[in-house]
Every structure is written in structure tokens, then in C-alpha cells.
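Values in this text are rule-based calculations from the coordinates and carry no lab data. What you see is a predicted model; the values in this text were computed from it and never measured.
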Amino acid sequence: MIPIIENELVKKSHLLTSDEYLTVLGFSEVAPGAISIKFATYTGYKIAGVWGILVANLANSLSPIIITTLAVVLYWHFQKNPTAASVLKGVKLAVIGLIFGVAWKMGQTGIVDAKGLVIASIAFISFYFFNLSPVSLMAGGAIAGLVMLK
């Protein structure tokens with residue numbers, strides 16, 4: 001989902017700059033809810049104010065409701081089918097690849113010096129090895145940025 005959002009909002013339509021995209025993406029880790037809602041809210045407000053927020057979030061909510069309903073019906077119908085299980089496993093692996101791709105791209109544009117690498121590394125180690133919550137890591141990153149990146 002993240003690469004699709006970046007492609008549509010930054011590269012194709014130029015509704016957001018790369019900096020705006022990264023800012024909303026970072027904020028998305030702190031605020032609860034779906035990432036698409038945050039991007040719809042920010043982009044809708046940027047384009048048309050409060051009405052933009054309402055329209056963007058309504059449009060953003062309808063397609064997942066329809067697609068999820070269809071997916072649940074199909075899943076329950078085909079859940080014992082080995083072919084369907086293979087398809088779902090393939091999709092899961094593709095999503096993992098997309099997440100790695102997004103992390104790589106963000107690292108290339110976000111980590112520009114040794115201090116940034118230290119902050120990113122500490123966040124990764126804290127999350128991966130010590131299971132710290134994303135909210136606490138974002139708060140720690142904000143404090144580290146304030147102290148280290150002035």
C-alpha cells in the first residue's frame with residue numbers, strides 16, 4: 001500500500017512533495033488507524049480544505065468495504081482449496097518484498113548522515129530485539145531529532 005500511495009500522490013499526480021509524503025508517513029506511525037486515512041485526510045485538506053477531507057475519506061472508505069466484503073466471501077468459499085492457499089502465500093511474500101522496498105527507499109532519502117543512521121539503527125534494534133512499541137520509538141526519534149539534528 002505504501003508504494004502505491006507514494007506513486008500516486010508524489011510521482012504521478014504531484015499532489016504531495018517527497019518531504020510531505022515522508023512527514024505524513026512518519027505521522028502515520030504515531031496516530032491510530034489506517035495509513036490511507038491519514039494520506040486522504042492530509043491530501044484532501046491540502047486540495048480543498050474541510051470538504052476535501054470529507055470527500056477524500058468517504059471515497060477512501062468505500063473501496064475497502066466493498067473489496068473486503070468480497071474477499072471474505074471468497075475466502076470462506078475457497079479456504080480449504082490448496083490453490084487459494086498458495087495464492088495467499090504468494091501475496092504475503094510480495095507484501096514483504098514491498099515493505100523492504102519502501103524501507104530501502106526511505107533510508108536512501110531519510111538517512112543522510114551518521115547521526116540519522118544512528119537514530120534509525122537504534123529504532124530498528126529497539127523494535128526488532130526489544131519489541132518496543134512504534135509510538136515510543138517515534139517519540140524517541142522526535143527527541144533524538146531535536147537533540148541531535150539541530
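Just want to confirm a number: the relative contact order over the chain, from Cα pairs under 8 angstrom separated by 6+ residues, in percent.
RCO, the chain: 18 percent.
Could you give the Stokes-Einstein D for the chain in µm² per second, using the C-alpha Kirkwood radius, 37 °C, 0.692 mPa s?
Answer, rounded: 184 µm²/s.
For the chain, find the longest principal axis of its Cα atoms and tell me its angle to the long axis of helix 82-110, 0 to 90°, nearest 10.
Computed tilt is about 20 degrees.
I'd like the orientation of helix 35-78 relative to the chain: the angle between its Cα long axis and the longest Cα principal axis, in ° from 0 to 90, rounded to 10.
The helix 35-78 is inclined about 40 degrees to the chain.
Hey, what number do you get for the chain at 222 nm if only DSSP H runs of n ≥ 4 count, each worth -39500 (n - 2.57), divided across all residues, to the nearest 500?
After summing the helix terms and dividing by the residues of the chain, the value is -28500 deg cm²/dmol.
Angle check, please: helix 134-148 long axis (alpha carbons) against the longest principal axis of the chain (alpha carbons), in degrees 0 to 90, nearest 10.
The answer is roughly 20 degrees.
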